[in-house]
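Chemist: I am attaching a structure below and will ask some questions about it afterwards.
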Amino acid sequence: MRKTFTQRVQVNVRGTVQGVGFRPCVYRLARALELTGWVRNSSNGVVIEVEGTAKAIETFLERLQVDAPAAASIEAIRTSLIPARGDASFAIGTSAEPGERTLVIPPDLATCADCLRELADPDDRRFRYPFLTCTQCGPRYSLLTAIPYERSNTTMAGFELCSNCRTEYSSESDRRFHAEPIACLICGPSLCLWDEQGHETTNDEAAFQQAATLLEQGLVVAVKGLGGFQLWVDAKSEDAVRRLRNRKQRVDKPFAVLFPSIDAIRDYCLLSSDEEALLCSPQAPIVLARKRRDAVLADAVAPGNPYLGVMVPTTPLHHLLMASLQRPMVATSGNRSEEPIVIDEHEALARLKGIADALLVHDRPIARPVDDSVVLVVKRMPERHERGEADQRKTDRLILRRARGYVPQAIRWSDNSSAGTAQGPILAVGGHLKNTVALLTGDRVVLSQHLGDLSTVEADQAFRQAIEDLQRLLQIEPQAIACDLHPDYRSTSFARQLAASLTVPLIPVQHHHAHVASCMAEHKLNGEVLGIAWDGAGYGTDGQVWGGEFLVASYLGSSRFAHLRPFRLPGGEAAMRDPSRSAAAVLWELMREEMLGYDFPSWKEPGDRRQQLAILLRSGIASPWTTSLGRLFDAVASLTGLCSQASFEGQAAMAVQFAAEREWEAGGGRAQSYPIDLVRSENSGTKWMVDWRPMISPMLDDLGRGHRPELIAAQFHVSLADATVRVAHAAGLPRVVLTGGCFQNRLLLSLVRGRLEEAGFTVYSHSLVPPNDGGLSLGQAVVAAHQRLAGKEGNA
């Protein structure tokens, strides 16, 4: 009889394997294969020791990846033979001792199908319980207070398990086996409704019914959700939505809309299969979907916008409330404009005073604010041979706001697991708008959740808290600080102070170089690329406002190969909210003093107003030079009459985009282009300049002839796309990276990608981090890591 030899193997698993039911899965698999040993969380992921026959262990390792929970993501498995110990059984052990921590923290996940069935089952003990969860869904990052992910390290630590919950938690056959946030009506958090003074009016089931009644009456209810408060109001009531806008001081910026189900969204929007899949995913982000023309919603939800930010319920609380309402609800971030989202009910009484008529609150603490993610699906341009055929084009997923569901999943920026290790951890503090911060160690970077614009004291405090939060969670003290080159950003000032206090290098990274590097890091690109970085504003190495850049870039550095022809911004930052200022600047570059008398139907600036702008443009006072494509979009918006005043960043550019899309669809995906010249630059630091003046002249002629602004907007987009091909040929690099806030424009992204790919270039765009300033911290971190390795960093 052949002797069966016993082996023992240690298995180290890296990836998203905590908080997703991975240990229970390992336990069941090992027991099924009659293996002994243990599994436990570690500071690096999960460590397993299995003992048994070589065949059983081989099968275990094969099935480990196949049978892993859907929410898990295994990045690497390392095995080693160790001496056998003769364990009698397999167990889930306590966590390993603290050590160097990898950047893997579980994200929050939408309610799974099994929990939804229990929620609706009158015979289940968690029937209509708003905080049920299991190993496959529920809060993770939003309640985590320390690593590893265990109940004692979450905000659920204060809720002692009842006997029934403890039995489920300890039973390997139960879906809640080691589900850390497990709770029920007996031992878990509870719900209540407060009036605007903070007096409890009702609780539990009655709180749902009363909140629904208030919403049906058109009142504003602040709902404490998974990662913070949301402000809810009836999306079909024009008066109610306008009341919320007035109270929140949010003039035009679109609101997100929460629907009871996917079927309900289909009644209002044209959903593609990719968009539906995103909405039904464990991440369940807000998805920007095309509105149906016959959709009956309040106009004030998304004024002048053909898209709706739609979402489905992501927590049991949301499911229960929407089941009562059965109508679309505005569900926007619980904050005042320019402030961070509120996470504490007592804080909400003060910060949401005068906005919310009532508050639906619970007693499960939120560890940190985590807003809803926003995702856009972009269809690529059809290949020439596909035009006219069924629309089966490839799509790209574009994350515009990275938060719930995606944060804080680490991004591997290198295939080299030791990359960045020698340089020590690096903290990157991002920019000023749409801020995120990041920590890099080894081959991973973890980005914070979306923190917003750093324009208020409250936002600055949230920014500082997020940095402390990441360092505390991961027990990392940075050995270098990366920041934007702009000397006056709040984030830069903080970075300068922190670097001095820690006595570590400060590494400023030029804004558009960081944009390009972030996209390179997503795709693990090495070497040089042509980076097309188009946005509203970024501080250039010459101290001017850049934004229409073509960079020859690597992680180590970048050179300005080409840029848009500069024009002035009369009034500086005031031009961001007043597109007519950019229009006047463009006309000044084209015709100088003749601008004062030039008139056409869509642009009728009063004479005294033109004189004021001409004084600024003539003298250059308070009128910095810019190469910003975002401001060129503003100029076109004003000249065509599409947008004369902007109440939020990007509003004018969006008006041009939407007009172009209307023409593109009506014209069957075809439009002519205006001429744009590529000329030698007079700037010693740049080879080429993209001169837009030959485009503006015929554009003005078309306006004088009464051509539709939609046609002009479409031709403007095509002209920009054609210009990128000319620059790319001149640069001679086969790989092109598209980045910056202008590439949130789905038509522009699709056109530029299509034109470049038809010309034979390999094109890369974002899919893991936003193309806007929300991705800057990733780029700053990887640039700093490479510069540290090359010894190029310096104190600034």
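The values are calculated or read from the model by the stated rules, or taken from the named source; none is laboratory data. Note that the structure is a prediction, hence the values are computed from the model and not measured. For neighbour counting, all protein chains shown are included, and Cβ atoms are generated from backbone atoms with ideal geometry for every residue, glycine included. Surface areas here come from the heavy atoms of the whole protein model, side chains and all, with no ligands, DNA or RNA. Shrake-Rupley method; radii C 1.70, N 1.55, O 1.52, S 1.80 Å.
Chemist: Could you give the accessible area per residue of the range 485-531, probe 1.4 Å, as a whole number in Å²? Mind showing how you got there, number by number?
Modeler: Values: 1570 Å² over 47 residues.
On a per-residue basis, the range 485-531 sits at 33 Å².
Chemist: Right, here's the next one. Cβ neighbours within 10 Å, averaged per peptide: list 365-377, 241-253 in order, most packed at the top. Mind dumping the intermediate values first?
Modeler: Values: 365-377: 23.1, 241-253: 17.7.
Highest to lowest by the protection proxy: 365-377, 241-253.
Chemist: Same structure again: What order do CYS280, CYS643 take when sorted by accessible area (1.4 Å probe), most exposed first? Write down the numbers at each step before the final one.
Modeler: Working: CYS280 85, CYS643 15 Å².
From most exposed to least exposed: CYS280, CYS643.
Chemist: Once you put a point 7 Å from the Cα of ALA759 and another 7 Å from the Cα of ALA146, both along the Cβ direction, what distance in nm separates them?
Modeler: About 5.6 nm separates the two model spin labels.
Chemist: Please list ARG14, ARG680, ARG31 from largest to smallest accessible area, probe radius 1.4 Å, with all protein chains kept in place. Spell out each step's value before the answer.
Modeler: Values: ARG14 55, ARG680 155, ARG31 110 Å².
Highest to lowest solvent-accessible surface, that is ARG680, ARG31, ARG14.
Chemist: Return one number: the angle in degrees, 0 to 90 and rounded to the nearest 10, between the long axis of the Cα atoms of helix 709-731 and the longest principal axis of the Cα atoms of the chain.
Modeler: Relative to the chain, helix 709-731 is tipped by roughly 80 degrees.
Chemist: Pick out, from ILE532, LEU506, SER414, the residue whose Cα sits farthest towards the positive end of the charge dipole of the range 411-536, with +1 on the Cβ of Lys and Arg and -1 on the Cβ of Asp and Glu.
Modeler: SER414
Chemist: Additional query: Nearest 10 degrees, 0 to 90: what angle lies between the long axis of helix 511-522 and the longest principal axis of the chain (Cα atoms)?
Modeler: 40 degrees
Chemist: Which one, GLY597, LEU258, LEU185, projects farthest toward the positive side of the charge dipole computed for the chain from Cβ point charges (K/R +1, D/E -1)?
Modeler: Towards the positive end, the residue furthest out is GLY597.
Chemist: Let me ask something else about it. Length gain on complete extension for the stretch THR6 to HIS523, per 0.36 nm per residue less the alpha carbon to alpha carbon distance? Don't jump to the answer; show the numbers that get you there.
Modeler: On the way: separation 517, 0.36 × 517 = 186.12 nm, distance 4.27 nm.
Full extension from THR6 to HIS523 adds 181.9 nm.
Chemist: Now for a separate question. For ARG28 paired with SER272, estimate the spin-label separation in nm (one decimal), with each label point 7 Å from Cα along the Cα-to-Cβ line.
Modeler: The modelled label-to-label distance comes out at 3.5 nm.
Chemist: Let me spell out the model: positive unit charges on the Cβ of Lys and Arg, negative unit charges on the Cβ of Asp and Glu, origin at the Cα centre of the chain. What dipole size does that give, in debye rounded to 20? Intermediate values should be presented prior to the final figure.
Modeler: Working: 85 positive and 92 negative charges, 259 e Å.
I would put it at about 1240 debye.
Chemist: So if R0 is 56 Å, what FRET efficiency would CYS187 and GLN645 give, r being the distance between their Cβ atoms, rounded to the nearest 0.05? List each step's numbers first, then the result.
Modeler: Working: r = 54 Å, r/R0 = 0.97.
With R0 = 56 Å, the Cβ-Cβ based efficiency is 0.55.
Chemist: Here's something else I'd like to know. Per residue, how much accessible area does the range 1-80 have with a 1.4 Å probe, in Å²?
Modeler: Working: 3710 Å² over 80 residues.
On a per-residue basis, the range 1-80 sits at 46 Å².
Chemist: Next question. If you stretched the chain out fully between VAL457 and GLN611, how much longer would it get, using 0.36 nm times the residue separation minus the C-alpha to C-alpha distance? Intermediate results must be reported in sequence, preceding the final value.
Modeler: Numbers: separation 154, 0.36 × 154 = 55.44 nm, distance 3.71 nm.
Stretched fully, the VAL457-GLN611 segment lengthens by 51.7 nm.
Chemist: When we measure straight from the Cα of LYS55, which lysines land under 26 angstrom away, once same-chain ones fewer than 8 places off are left out?
Modeler: LYS3
Chemist: Moving on. Of the listed peptides 513-523, 610-620, what is their order by residue-averaged count of other C-beta atoms within 10 Å, with the highest listed first? Can you show the working numbers first?
Modeler: Details: 513-523: 28.1, 610-620: 16.4.
Put in order of decreasing packing, that is 513-523, 610-620.
Chemist: Give me the lysines in straight-line cross-link reach of LYS434: C-alpha distance below 29 Å, same-chain residues under 8 apart excluded.
Modeler: LYS224, LYS248, LYS253, LYS291, LYS353, LYS379, LYS394, LYS524, LYS792
Chemist: What accessible area, in Å² to the nearest ten, does a 1.4 Å probe give for THR154?
Modeler: 10 Å²
Chemist: Further question: Which value, in Å², gives the accessible area per residue of the range 154-258 when a 1.4 Å probe is used on the protein heavy atoms?
Modeler: Values: 4330 Å² over 105 residues.
With the other protein chains kept in place, the range 154-258 gives 41 Å² per residue.
Chemist: Using the alpha-carbon centroid of each, what span in Å lies between the range 687-706 and the range 420-479?
Modeler: Cα centroid to Cα centroid, the span is 43 Å.
Chemist: Would you work out what percent of the accessible area of the chain, with all protein chains in place, is carbon or sulfur (probe 1.4 Å)? Mind dumping the intermediate values first?
Modeler: Values: 14410 of 30160 Å².
Ligands and nucleic acids excluded, carbon and sulfur reach 48 percent.
Chemist: Continuing with the same structure: Place +1 on the Cβ of every Lys and Arg and -1 on the Cβ of every Asp and Glu in the chain, take the dipole about the Cα centre, and give the residue among VAL375, LEU768, VAL310 whose Cα lies farthest towards its positive end.
Modeler: Farthest towards the positive end: LEU768.
Chemist: Which whole-angstrom value gives the distance between the alpha carbon centres of the range 731-787 and the range 295-373?
Modeler: First find each Cα centre; the distance between them is then 32 Å.
Chemist: Now a separate question. Leaving ligands and nucleic acids out of the surface, order ARG40, ARG402 by accessible area at 1.4 Å, largest first. Display every interim value, and only then the final one.
Modeler: Working: ARG40 75, ARG402 20 Å².
Sorted by accessible area, descending: ARG40, ARG402.
Chemist: Right, something else. Contour minus end-to-end for SER619 and ASP488, with contour as 0.36 nm per residue of separation and end-to-end as the Cα-Cα distance? Could you put the intermediate results ahead of the total?
Modeler: Working: separation 131, 0.36 × 131 = 47.16 nm, distance 2.46 nm.
Length gained between SER619 and ASP488: 44.7 nm.
Chemist: Calculate the spin-label point distance for GLN209 paired with MET591, positioning each point 7 Å from the Cα along the beta-carbon direction, and give it in nanometres.
Modeler: 6.9 nm
Chemist: With angles folded into 0 to 90 degrees, how steeply does helix 776-790 sit against the dominant principal axis of the chain? Use alpha carbons for both and round to 10.
Modeler: 80 degrees
Chemist: Around TYR169, under 10 Å between beta carbons, what's the net of Lys plus Arg minus Asp minus Glu among the other residues?
Modeler: Details: positive: ARG151, ARG166, ARG176; negative: GLU168, ASP174, GLU180.
Neighbourhood net charge equals 0.
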